[in-house]
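See below for the structure under consideration.
Every number in this text was worked out from the coordinates using simple rules, so none of it is lab data. These numbers come from a predicted model, not from an experiment. Counting neighbours? That spans all protein chains shown, and the Cβs are built from the backbone with ideal geometry, glycine included.
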Amino acid sequence: MSVFVTIFKKECLESWRQFSWFWVPIVFILLAIMDPLTTYYMPTLLDAVGGLPEGTIFEMPDVTAAEAMMMSLSQMSMFGVLIIILLTMGTIAGERKSGVAELILVKPVNHSLYITAKWLAKLILFLSAFFIAMLFSWYYINLLFGTITFTDWFYMMIFYSLWIGFVISLTIFYNTFSNKPGLVAAKTVGTLVIMSLFNSILFHRLLWFPNNLSAHIGQMLNEGSLSQDLWATAIILVLLNGLLLLFSFATFRKSTH
């Protein structure tokens with residue numbers, strides 16, 4: 001366990017030295033509040049820049065609190081996930097390329113503990129930033145668009161955290177295959193794109209598919225209830241996270257022997 005704690009502290013310290021604990025939450029906050037604030041203040045912004053040409057009719061659609069929250073979640077699903085991949089792509093691959101991983105594993109270090117410590121450090125970093133960002137979003141949405149209860153917000157955070165964990169697990173998994181961080185990022189993004197395309201084709205048949213998580217969360221925010229499809233999708237994500245970590249242990253152990 002002391003080895004696990006040492007590697008975990010090393011990973012957290014490295015994130016601290018790279019100022020990730022500062023700039024990642026700030027970027028996530030900007031992503032989370034950008035669309036809701038822009039949507040709400042769009043008429044004011046148009047007036048400030050001179051308005052529209054005479055005779056032009058422009059009506060802003062009414063946006064509910066749930067729709068505004070999904071705007072924030074959409075930004076996190078696009079740019080937030082990309083940031084997670086870019087900051088995780090060299091977690092193991094970078095150390096293998098520089099030879100640091102070999103120096104660490106020469107000692108009696110369990111491969112599973114090595115990967116789990118790094119996975120947990122990244123998970124805590126990104127979930128902390130995500131919770132802070134969506135707390136800001138929740139505040140402004142309740143102020144400008146309507147009320148989203150704390151319970152609904154909390155359920156949204158818990159369920160979407162599973163997707164963040166999946167992205168980290170997937171990136172860590174590809175880390176165990178290669179010592180090239182760029183290749184790790186390409187494989188991770190490629191996998192997510194393929195999953196998205198697959199889901200768009202079979203959306204109505206595979207309601208529990210991981211990429212449907214955001215849609216189920218949006219339904220929960222609108223209806224105020226947890227659907228069976230949301231629970232099923234969450235269970236699938238938990239299983240995928242566990243499987244990816246197990247595969248990572250086996251692959252990394254094999255590649256370093």
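Couple of notes before you dig in:
- Label-point gap, in nm, between residue 229 and residue 42 - each point 7 angstrom along Cα→Cβ: 2.6 nm
- Cβ-Cβ distance of residue 17 and residue 140, R₀ of 25 Å, FRET efficiency by 1/(1 + (r/R0)^6): the value works out to about 0.20.
- When peptides 18-27, 75-84 are sorted by average Cβ neighbour count within 10 Å, with the highest value leading, the order is 75-84, 18-27.
- Applying 1/(1 + (r/R0)^6) with R0 = 22 Å to the Cβ-Cβ distance of residue 74 and residue 193 gives a FRET efficiency near 0.85.
- Of all the options 209, 150, 159, the one that moves most in a Gaussian network model of the chain with Cα springs shorter than 10 angstrom is 150.
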